[in-house]
1. For the pair Asp142/Met1, report the inter-label distance in nm, with labels modelled 7 Å from Cα in the Cβ direction.
2. I want to check the label-to-label distance for Lys152 and Gln125. Put each point 7 Å from Cα in the C-beta direction and report it in nm to one decimal.
3. Once the piece of chain linking Trp21 and Val8 is laid out straight, how much longer is it, given 0.36 nm per residue of separation minus the C-alpha distance between them?
4. Using a Förster radius of 22 Å, what is the FRET efficiency between Tyr170 and Ala57 based on their Cβ-Cβ separation? Nearest 0.05, please.
Amino acid sequence: MKKTIWLVVIALVVIIGAWFWTSYNSLVTANEAVDNKWAQVETQYQRRFDLIPNLVAAVKGAMSQEVKVFGDLAKARENYSGARSVNEKAAAATEVEGALSRLLVIMENYPQLKSIEAVQTLMAQLEGTENRISVERSRFNDEVRGFNVLTKRFPMNLLANMYGFAEKTYFQVAPAAANVPTVDLELNK
């Protein structure tokens, strides 16, 4: 009888130990998946940031009076490189999007720019990059959702809290990004 009790106790210890092991590994895997998806978002941001100076250079020659937009783009890119957290990087990326949208509005008002082949090529690449960014942000948010659900469900939430796995933040566009950019093309100020 004592032998049976000990076998049951040992079996329970092994089962509980296996649960801790696999649960911890699940948390680590989910955490790494979120980090991986954010890295994919950053890869697309880097592609955007690499294209922007080329687009600006191609457009600058034709419209030197729009210096403020070029300065805003440079400042936003600099803010992104100095950002450390996902939230700071998301806010800086939103700044880039705002300045970039103002540049695109300006370009719409200069038909001669549309006929420059370099500008057309860069615009097509930038549009493709913007689509990629949108897809990667969506994938990132999907991973965050999966991770957050995993860490909030009982009994995994106990283990997540014990090992310091905290809820991840979704990528959210800043409220200011919903505003349509205004561009003043009046040259006689």
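1. 5.8 nm
2. Distance between the two pseudo-spin positions: 4.1 nm.
3. Full extension of this stretch gives 2.7 nm more.
4. E between Tyr170 and Ala57, to the nearest 0.05, is 0.05.
Each value in this text was obtained by applying a stated rule to the coordinates, not by laboratory testing. In this text the structure is predicted, and so the values were computed from the model without any measurement. Cβ: placed from backbone, ideal geometry, glycine included. Neighbour counts: every protein chain shown.
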